[in-house]
Structure formats: structure tokens, C-alpha cells
Amino acid sequence: MSSSARIVHLDDTSPNTRRGGDLRAVLTPTSVGATSGFMGLAIMQPGERIGEHYHPYSEEFVYVVSGELEVDLDGTTHPLRPDQGLMIPVDVRHRFRNVGGTEARMVFHLGPLAPRPELGHVDTEDAEDAAGTAPARTAPPDPAGARA
């Protein structure tokens, strides 16, 4: 393996639950020195949601590994099932929901990176609205600047 290549295990990542679900940034500028984007895994239990947001600088690519999801794209709902991928253009508002009875897992990749991490993700609803109940648990700041 090249000296610059790195393998990162999911267990080596920190949960981020502030927007709903459990978002794990796996391959990021911080963790592996990525310069073109970052990749991670969204884990959602039945009934969980990832709150509506958009990315002003990045396209987002998602791939459903397991579970039954719905995604709202600029207010229009679409089903997402295992082995389906989706490309979300820059500035498109999106929200994900686990509508099935089992855990859902979705790989996400965003690129290119925003000029600064804090510019990469814009929430359009708060955590309480996203969860539909209590506010999401707090987590450390997102080192990559944006999430799925």
C-alpha cells in the first residue's frame, strides 16, 4: 500500500447525531488528507430522520446499503432502496427518513470541498423539527464541514 493511502475503520470515527441519525465521516481532509471531498456512512434506526439541509459548494452522492429510506428533494418525496444511488446537485434541499422497520445504512460522498468547513452545510430546519420529537443529541463539530 502506498505510504499516503490510509484505511479507516468505522469504529475509529465519532458519531455525529446533531442533525438526526448517526453520521460518520470516515474519509475526510482531517482523517486521511483528502483534498477533493469526503465520504462517510449514515446509520438511521427505524423512524429516524436526517434534517433538511443543502450544500452550497458540493454535490452529494448517496448509495443505500440497507433499509428503506425516503428522501425529500426540494420538497418532493422519493423512495430509496438498497442498491440504489442518488446524486444531489449543489443547493438542492434534502432530508432523509428511515421508513422501514430495520436499521438503514447509506454511504455518502460530497465534493468538491467548501472553501472553509463551516460553509459546507446549511441547515434549513432545526434538530427538533428533524427528529419530530426531542432535540438531537449533541456531538463534536464536523471536521469535514458538511454532512449527508
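Annotation: of all residues in region 1-14 being in contact (Cβ under 8 Å) with a residue 24 or more places away in the chain and assigned to a loop (DSSP other than H, G, I, E, B), the one that is surrounded by the fewest Cβ atoms within 10 Å (Cβ to Cβ) is S4. When T77 is tested against (1) farther than 25 Å from L119 by Cα; (2) in contact (Cβ under 8 Å) with a residue 60 or more places away in the chain; (3) not acidic (D, E), just one condition goes unmet, and that condition is (2). Within region 60-72, no residue that is more than 12 Å from G85 (Cα to Cα) and open to solvent by less than 10 Å² (accessible area, probe 1.4 Å) sits with its Cβ atom under 9 Å from a residue that is at pLDDT below 95 and assigned to a strand (DSSP E or B) at 6+ positions apart or across chains.
Selection within region 15-55: residues that are open to solvent by 40 Å² or more (accessible area, probe 1.4 Å), touching a residue at least 24 places away in the same chain (Cβ under 8 Å) and not in a loop (DSSP other than H, G, I, E, B). The member of this set that is nearest to R95 (Cα to Cα) is R49.
Which members of region 90-118 meet the condition of being of a type in the set (D, E, K, R), in a loop (DSSP other than H, G, I, E, B) and touching a strand residue (DSSP E or B) at 6+ places or on another chain (Cβ under 7 Å)? Correct list: D91, R93, E103.
The values are calculated or read from the model by the stated rules, or taken from the named source; none is laboratory data. This is a predicted model, so every value here is computed, not measured. Methodologically, a virtual Cβ is constructed for each residue, glycine included, from the backbone with ideal geometry; neighbour enumeration extends over all protein chains shown. Note: areas computed on protein heavy atoms with side chains; ligands, DNA, RNA excluded. Shrake-Rupley method; radii C 1.70, N 1.55, O 1.52, S 1.80 Å.
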